[in-house]
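Right, one structure below, let's go through it.
The values are calculated or read from the model by the stated rules, or taken from the named source; none is laboratory data. Given the structure is predicted, the values throughout are model-derived calculations rather than measurements. No Cβ is skipped: glycine too gets one built from the backbone with ideal geometry, and neighbour counts run over all protein chains shown. Accessible surface is based on the protein model in full, side chains and every heavy atom, while ligands, DNA and RNA are left aside. Shrake-Rupley method; radii C 1.70, N 1.55, O 1.52, S 1.80 Å.
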Amino acid sequence: MKYIIVGAVAGGASTAARLRRLDEHAEIIIFEKGAYISYANCGLPYYIGNVISDRNKLFVQTAASFNQRFNIDVRVLTEVLEVNPEKKTIKAKNQTTGEEYEESYDKLVLSPGAEPIRPPFPGITNEGIFTLRNVSDTDYIKSYVSQKTVKKAVVIGAGFIGLEMAENLHDLGLHVTVIEMGNQILAPVDYPIAAIVQQHIRSKGVNLLLSTAVTGFDKIEGQLKVNLKTGVSLDADVVILSIGVKPDTRLAVAAGLKIGEARGIWVNEFLQTSNPDIYAVGDAIEFKNPITQQPLITYLAGPANKQGRICANNIVLGNVQSYNGAINTAIVKVFDMTVATAGTAAKHLTAANIKHIVSTTHSGSHAGYYPGSQQMSIQIAFSPETGQLYSAQIAGQDGVDKRIDILASLIKRNSTIYELIEFEHAYAPPYSSAKDPVNMAGFVAENILLERLRIFYWNEMDKIEAGDLLIDVRRNDEFDLGKIGNAINIPVDELRERMHEIPKDKNIFIYCEAGLRGYLAQRILMQNGYNKVQNLSGGYHLWEAATKESNLQS
Ligand code: FAD
């Protein structure tokens, strides 16, 4: 058997290594147009920021070590120019010698990844404007920003890589502006969770411009300018364009392979393209989103690596393993915060016409009485009928990674919020609480489904009408620091004595800081004959962040 693989990083290298483990006698050739194989793309922003100081640490394998360990013919600096499915050949070009040649295959795997989007802005070819995708980009950026004259950075695009770059450039001492065309950072996350993180970014002195479009670049008297649609122009010494990527389908399109609705290479459940002898993995493919059943592309290392393993199994053993899709589980460090997401965000559920309820809870990363506990905000979305979990998003500091992985695993298995309640965890004060934040999210969701808790949301304040009552049930000192609208203050611990101040026939809206005291107040009132009581989901904490952020843009 002769296997050819195009692309030698996440998906390609993983496929090649597994092919060898399953088939010791096959001929395996892997082509890589770049100079490096199997390197840590995910570490590149941290190398630029000197968090990873040793460049060699970025390289998981070299062509020589990969060849030695796996007996794989690694051809770096060699681009595959075309695939001929009829002849079962590829044409490659050695970029060092210029030589072009054909190679035949029995099975071909495409793992060409994604390519950064570089819109045709006027002036985009000016010196100092970079995209970050591979080691060469990294080397250019690192040597450029180490020049003494580079003081102002503009990062265009507030996705995962854009924010990682913003943090790393800021940590190098540069003044950083982040420009994002959308009204929030991190598009896969819902607005309120993004808002919490936006407030944190601003607190670090980063100039965050949302709902702001870039129209082009100029170089005026040696100074690079970033032009905005508003007419404003920002000085920049270095610009990182991080406005997204698209699947690299060039070879597939030219070879006549089927391209899917999301514009990725179409594959079946065995990761086989429309040609049975060609498989494809990684950022370039699309598959069915297990939640919405709609086509999805993930630009993530985990799915690419796992697909590589499944693809090799199917090639050698004959379509034995289905790929069940991915739910876009992702995590990013943003300065002192960690933001993570799994599943389909509420806004995308709405777009897909999937009915859902959203609930936000704030819990300590571990027992509050043990030093160092930090609050994390967990938002889940679930089915109002079955309680099936559709997504989870977390913003916090410590312990976010652990909780998102638990939630992701439950979402992936079509679990319900009832399983969050039963979820059993290891507990000691330094690690969690007797009721873990994941349990807490489940308890609250169950209360909502059973209508023990009726909620309203931060952006629904306009449903409070003139005759209604808005009650802040926090302590007086918390109330004095800031309140919502014309709320009155009745701390939850005084509620039973002061119930006569609350008319029974009114619509009552309650809030506290995080949602828990509001829930207690609601239970007291509902069991005393108040039927029209609602509690603010996510409490004042979430309302404040989301409202401040939306006011900045209005
Ligand atoms: P890649 O790993 O991109 O490999 C594709 C390779 O194919 C490239 O090296 C390319 O040169 C080569 N190639 C393309 N066309 C040809 C051709 N015609 N001939 C020969 N070679 C070709 N994901 C996460 O999950 N977490 C992270 O923290 C994270 N951080 C990231 C940070 C950065 C800066 C970047 C760029 C990506 C990050 N990712 C992260 C995304 C992750 O790296 C990708 O999802 C993953 O590498 C995709 O694997 P792939 O095999 O599809 O493509």
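For segment 6-50, the alpha-carbon coordinates run over 43, 19, 12 Å along the three principal axes, in decreasing order.
In segment 361-385, which residues have a backbone nitrogen under 20 Å from the label point lying 7 Å from Ser409's Cα in the Cα-to-Cβ direction? Under 20 Å, as judged by backbone N against the label point of Ser409, lie 365-366, 378-381 of segment 361-385.
Just to verify a number: FRET efficiency for Ala367 and Asn50, C-beta to C-beta distance, R0 = 35 Å, to 0.05?
Numbers: r = 36 Å, r/R0 = 1.01.
Given R0 = 35 Å and the Cβ-Cβ separation, E is 0.50.
Could you tell me what percent of the accessible area of segment 56-174 is made up of carbon and sulfur, with a 1.4 Å probe and every protein chain present?
Working: 2860 of 5920 Å².
Carbon with sulfur: 48 percent of the solvent-accessible area.
With one equal scatterer per alpha carbon and no solvent term, the Debye-computed log10 I(q)/I(0) for the chain at 0.06, 0.07, 0.10, 0.12 1/Å reads -0.36, -0.48, -0.92, -1.21.
Taking every DSSP bridge with both residues inside the chain, close to 55 percent are antiparallel. Of all DSSP bridge pairs formed entirely within segment 130-243, close to 45 percent run antiparallel.
For Tyr427, project a label point 7 Å along Cα to C-beta. Then give me every residue of segment 350-373 with its amide nitrogen under 16 Å of that point. Flagged as within label range: 363-370. Summed over the residues of segment 71-182 and divided among them, the accessible surface reaches 46 Å² per residue at a probe radius of 1.4 Å.
Entry note, the chain: the mean residue ellipticity at 222 nm calculated from DSSP H runs of n ≥ 4, each adding -39500 (n - 2.57), is -8000 deg cm²/dmol after division by the residues and rounding to the nearest 500. Each of Glu27 and Phe335 was given a label point 7 Å from its Cα along the Cα-to-Cβ line. The distance between the two points is 5.7 nm. One Cα centroid belongs to segment 226-241, the other to segment 383-401; the line between them spans 36 Å.
Once backbone amide H atoms are built at 1.01 Å from N, Ile285 has Ile265 as its partners under 5 Å, excluding neighbours fewer than 5 places away on the same chain.
Along its first, second and third principal axes, ordered by size, segment 205-325 spans 62, 32, 22 Å in Cα coordinates. Taking all protein chains as they are arranged and a probe of 1.4 Å, the heavy atoms of Arg118 leave approximately 110 Å² accessible to solvent. Does anything in segment 339-359 have its amide N under 18 Å from the 7 Å Cα→Cβ label point of Ala262, and if so which residues? Taking a point 7 Å out along Cα→Cβ of Ala262, the residues of segment 339-359 whose backbone N falls under 18 Å are 341-354. Note on Lys225: lysines with a C-alpha under 26 Å away, same-chain residues under 8 apart excluded, are Lys142, Lys148, Lys151, Lys152, Lys204. For Arg69 and Asp106, the FRET efficiency from 1/(1 + (r/R0)^6), where r spans their Cβ atoms and R0 equals 30 Å, is about 0.85.
Using a basic spin-label model with each label point 7 Å from the Cα along Cα→Cβ, how many nm lie between Asp171 and Asn489? Placing both labels 7 Å beyond Cα along the Cβ direction yields 4.0 nm. Extension gain for the segment Ser211 to Asn507, taken as residue separation times 0.36 nm less the Cα-Cα distance, is 103.0 nm to one decimal.
What Kirkwood radius, in Å to one decimal, follows from the Cα pairs of segment 1-143? Could you put the intermediate results ahead of the total?
Numbers: mean 1/r = 0.0606 Å⁻¹.
Result for segment 1-143, one decimal place: 16.5 Å.
Taking the full set of protein chains and a 1.4 angstrom probe, give the accessible area of Val60 in square angstrom, rounded to the nearest 10. Roll a 1.4 Å probe over it and Val60 shows about 100 Å².
What is the helix-to-structure angle for 539-553, meaning the angle in degrees between its Cα long axis and the longest Cα principal axis of the chain, kept from 0 to 90 and rounded to the nearest 10? Between helix and principal axis, roughly 60 degrees.
Sorted largest first, the spans of the alpha carbon positions of segment 490-545 along the three principal axes are 33, 20, 16 Å.
How big is the antiparallel share of DSSP beta bridges in segment 1-102, given as a percent to the nearest 5?
Numbers: 10 of 18 bridges.
Just about 55 percent of them are antiparallel.
Quotient of the Cα radius of gyration of segment 385-442 and 2.2 N^0.38 Å, N being its number of residues: 1.09.
Test of understanding: what is the full-extension gain from Glu465 to Ala35, defined as 0.36 nm times their sequence separation minus their Cα-Cα distance? Intermediate results must be reported in sequence, preceding the final value.
Working: separation 430, 0.36 × 430 = 154.80 nm, distance 6.46 nm.
Result: 148.3 nm gained on full extension.
Do any chymotrypsin sites (Phe, Trp or Tyr not before Pro) in segment 304-409 lie in a loop, going by DSSP, with at most 13 other beta-carbon atoms within 10 Å of their beta carbon, and if so which? Walk me through the intermediate numbers first.
Numbers: sites: Tyr323, Phe335, Tyr369, Phe382, Tyr390; in loops: Tyr323, Phe335, Tyr369.
In loop regions of segment 304-409 (DSSP not H, G, I, E or B), the sparsely surrounded chymotrypsin sites (Phe, Trp or Tyr not before Pro) are Tyr369.
Note on segment 104-228: Kirkwood hydrodynamic radius from all Cα pairs is 16.2 Å, rounded to one decimal.
For the pair Glu451 and Ser322, a Förster radius of 41 Å applied to the C-beta separation gives a FRET efficiency near 0.55, rounded to the nearest 0.05.
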